[in-house]
Every structure is written in C-alpha cells, then in structure tokens.
C-alpha cells in the first residue's frame, strides 16, 4: 500500500482539494445567509417600529386636536378661569361621550389655573359625572 500509483495519488489530492473547496463554499454561504437573515430581521423590526411610531403620532395629534378644541370652547374657558365646576360639568360630560364614541378617548380632564383639577369626564355610567 505504500506504493500507490501516480493516478491514485493524483485522485486523492483532487478529492481532498474538492472537499476543502466545498467546505469553504459552504462556510461562506452559511455566513452570508446569517448576515442576510440578520439584515432582514433588522429591516422588519424597523418597519414595524415605523408603523407603531406613526400610529402613536397620529393618536397624539388627534388627542392634541381634541384638547385644543375643548380648551377653545368659550364656556369651558370661562368656567375654568372662574373655577366654576357646575357651569361646565354638563358640557364636559357631553363632549366626553362624543369623543369617546368617535375616537375612543377614555378620559377628558379639565384643569383650572394653577393645575387644579376641575372636572373629569371618565365613564359617567360607572363614575358619575366626574
């Protein structure tokens, strides 16, 4: 066996070279596939984050619009400035019911100057008018 023919030795070298080449190609492909998978996952997460951010931004703008509209109502502004809860409680409850039905707003809170809680519309069936 020590005396292998030249053809057999050449065949063995070619087989070993092919095995090494196939192994190297496999390792490179696996590495590239892992890199591609990581990039795809990162892109997918970034896209999902953009969707969530967009929805949250839309809700924030919607809430700001509701808040500014309510704050701009003359009876609300006058009642808050005078700290007259009874003057605005019915209006707040009505507005709360409308924005709750239209936008799913859970709480409509009116604060008087110096950050005093004046009226809160929050599920009047359960909590009453405050």
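The values are calculated or read from the model by the stated rules, or taken from the named source; none is laboratory data. Keep in mind the model is a prediction, meaning the values are calculated, not measured. As a convention, Cβ positions derive from the backbone with ideal geometry for all residues, glycine included, and neighbour counts pool all protein chains shown.
Of all residues in the stretch 58-74, count the ones that are assigned to a helix (DSSP H, G or I) and more than 15 Å from residue 103 (Cβ to Cβ).
Narrowing the stretch 58-74 to residues assigned to a helix (DSSP H, G or I): 58-71, 74.
Filter once more, keeping what is more than 15 Å from residue 103 (Cβ to Cβ): 71, 74.
Residues that pass the stated criteria total 2.
Would the stretch 103-121 turn up any residue that is surrounded by 10 or more Cβ atoms within 10 Å (Cβ to Cβ), assigned to a helix (DSSP H, G or I) and in contact with a strand residue (DSSP E or B) (Cβ under 9 Å, 6 or more places away or on another chain)?
Checked against the condition, which is being surrounded by 10 or more Cβ atoms within 10 Å (Cβ to Cβ), assigned to a helix (DSSP H, G or I) and in contact with a strand residue (DSSP E or B) (Cβ under 9 Å, 6 or more places away or on another chain), the stretch 103-121 yields no hits at all.
Name the one entry in 67, 77, 63 that is in the same structural domain as residue 118 (by TED's automatic domain parsing) and either more than 21 Å from the chain's Cα centre (by Cα) or surrounded by 10 or more Cβ atoms within 10 Å (Cβ to Cβ) (or both). Steps first, answer last, please.
On the way: 67 fails: in the same structural domain as residue 118 (by TED's automatic domain parsing); 63 fails: in the same structural domain as residue 118 (by TED's automatic domain parsing).
When all the criteria are applied, what remains is 77.
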